[in-house]
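Chemist: Before I ask anything, let me first share the structure, which is written out below as structure tokens.
Values in this text are rule-based calculations from the coordinates and carry no lab data. Note that the structure is a prediction, hence the values are computed from the model and not measured. In this analysis, Cβ positions are derived from the backbone assuming ideal geometry, glycine residues included, and neighbour counts consider all displayed protein chains.
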Amino acid sequence: MIEQKKILFTGGSGLLGSEFKKLFPEIRYPTSREFNITDYNQMENYLKREGEVQLIIHAAAFTSPPKVDQEPLKALEVNIIGTANVVKLCIKYGIRLIYISTDYVFKGDQGNYKEEDPVFPVNKYAWSKLGGECAVRMYDRSLIIRTTFGPNIFPYEKAFIDQWTSRESVSIIARKIAKLLDYEITGVIHIGGKRKTVFEYAVSLDPSRNITPLSIKEINFIVPKDTSLNCEKYLNLIGNKER
């Protein structure tokens with residue numbers, strides 16, 4: 001495996017980053033003050049100061065759909081411009097790049113989406129993540145991981161009964177992503193679990209909890225109905241042990 005100290009992880013304080021720290025404590029997890037993706041010069045100075053980086057896992061993002069609706073400029077600066085800055089850095093220094101994207105780039109009207117299926121975001125958060133994907137696609141040594149995950153404990157009292165997903169707990173998704181670190185594959189790959197409603201996902205995390213059903217029609221922001229992912233490409237790559 002690539003030496004941990006030569007891997008840099010953006011968004012280390014986030015949900016996925018916190019889980020990665022348990023698996024790979026020696027990876028570099030700079031704070032946003034040390035490695036601000038909206039400041040290209042600062043990122044470049046960090047590399048010059050701290051030494052060689054062979055892989056960047058780019059997970060830093062502004063991720064809340066309702067908050068992105070309220071602050072689209074922040075999403076533009078972080079998710080699109082910030083990602084473009086990371087790509088520029090990787091191109092200049094020949095650093096391999098893994099970009100953590102989202103299942104929300106799909107319209108959500110059919111589910112079981114393959115990597116090659118057309119994308120059509122239905123909210124501004126998803127558009128901003130797709131903007132990041134566009135920047136990453138400009139670099140040949142990059143991999144876009146479309147996935148969906150949540151905390152190991154479901155954080156809400158209610159869950160959607162009419163939204164379908166491939167979501168898994170962050171601990172499961174982190175381990176699945178970790179298996180790709182030694183594969184220098186490029187392009188796009190989907191990582192997730194079996195198709196289920198968000199309600200079923202929430203109950204699966206803790207069957208003893210009393211989660212209340214909720215409809216996507218009851219909320220005041222747009223979410224896609226079915227963004228379940230076809231993960232055959234990943235399963236074929238890493239073998240039948242994940243099946």
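Chemist: Counting only residues 5 or more places away or on other chains, whose amide H sits under 5 Å from the amide H of Leu229 once H atoms are built in the peptide plane?
Modeler: Here Asn112, Tyr113, Ser166 satisfy the definition.
Chemist: Rounded to the nearest 20 debye, what is the charge dipole size of the chain about its Cα centre when +1 sits on each Lys and Arg Cβ and -1 on each Asp and Glu Cβ?
Modeler: 280 debye
Chemist: Ranked highest first by the average count of other Cβ atoms within 10 Å around their residues, in what order do 137-144, 43-50 fall?
Modeler: Put in order of decreasing packing, that is 137-144, 43-50.
Chemist: In whole Hz, with x marking every Gly and Pro, tabulate ³J(HN,Hα) for segment 176-189 from phi via Karplus 6.51 cos²θ - 1.76 cosθ + 1.60, θ = phi - 60°.
Modeler: Whole-Hz 3J(HN,Hα) from phi for segment 176-189: 5, 5, 4, 5, 8, 5, 8, 9, 8, 8, 10, x, 9, 9.
Chemist: Which of the peptides 148-157, 121-130 is most tightly packed, and how do the rest follow, going by the mean number of other Cβ atoms within 10 Å of each residue?
Modeler: Result, highest mean Cβ count within 10 Å first: 121-130, 148-157.
Chemist: Hey, can you grab everything whose amide H is under 5 Å from the amide H of Ile144? Only 5+ residues off in sequence or another chain; H modelled, so Pro and N-termini drop out.
Modeler: Tyr99, Gly187, Val188, Ile189
Chemist: What span do the alpha-carbon atoms of segment 159-200 cover on each of the three principal axes, reported in whole Å from largest to smallest?
Modeler: 38, 21, 12
Chemist: Over all distinct Cα pairs, what is the inverse of the mean 1/r for segment 188-234, reported as the Kirkwood hydrodynamic radius in Å?
Modeler: Final number for the Kirkwood radius of segment 188-234 is 12.8 Å.
Chemist: With everything on Cα atoms, drop me the angle between helix 83-93 and the longest principal axis of the chain, reported from 0 to 90° to the nearest 10.
Modeler: 30 degrees
Chemist: Return the lysines within reach of Lys124: Cα separation strictly under 25 angstrom, same-chain partners fewer than 8 residues apart disregarded; answer none if there are no such residues.
Modeler: Output for Lys124: Lys67, Lys74, Lys88, Lys107, Lys114, Lys158, Lys196, Lys217, Lys225.
Chemist: Going by C-beta contacts inside 10 Å, put Val203, Val188 in order with the fewest on the left.
Modeler: In increasing order of surrounding Cβ atoms, one gets Val203, Val188.
Chemist: Could you please report the charge total around Val68, scoring K, R as +1 and D, E as -1 over all other residues with beta-carbon less than 10 angstrom from its beta-carbon?
Modeler: My count for the surroundings of Val68 gives +2.
Chemist: Working out 0.36 nm times the residue gap between Gln42 and Glu26, then minus their Cα-Cα distance, what length gain in nm do you get to one decimal?
Modeler: Value of the extension gain: 3.5 nm.
Chemist: List the relative contact order of segment 114-208 as a percent without decimals, with contacts defined as Cα pairs under 8 Å and 6+ residues apart.
Modeler: 35 percent
Chemist: Would you mind computing, in nm to one decimal, how far apart the modelled labels at Arg141 and Asp117 are, each placed 7 Å from Cα along Cα→Cβ?
Modeler: Between Arg141 and Asp117, the label points sit 3.3 nm apart.
Chemist: Separate question: Residue by residue through segment 161-171, which ³J(HN,Hα) values in whole Hz follow from phi under the Karplus form 6.51 cos²θ - 1.76 cosθ + 1.60 (θ = phi - 60°), with glycine and proline marked x?
Modeler: 9, 10, 10, 9, 8, 10, 4, 9, 5, 4, 5
Chemist: For an R0 of 51 angstrom, estimate the FRET efficiency from the Cβ-Cβ distance between Thr212 and Leu237 and round to the nearest 0.05.
Modeler: About 0.85, to the nearest 0.05.
Chemist: Tabulate in residue order the Karplus-calculated ³J(HN,Hα) for segment 118-124, using 6.51 cos²θ - 1.76 cosθ + 1.60 with θ = phi - 60°, rounded to whole Hz; enter x for Gly and Pro.
Modeler: x, 9, 7, x, 10, 9, 5
Chemist: For labels at Glu184 and Ile222 in the simple 7 Å Cα→Cβ model, what's the distance in nm?
Modeler: Result: 4.1 nm between the two label points.
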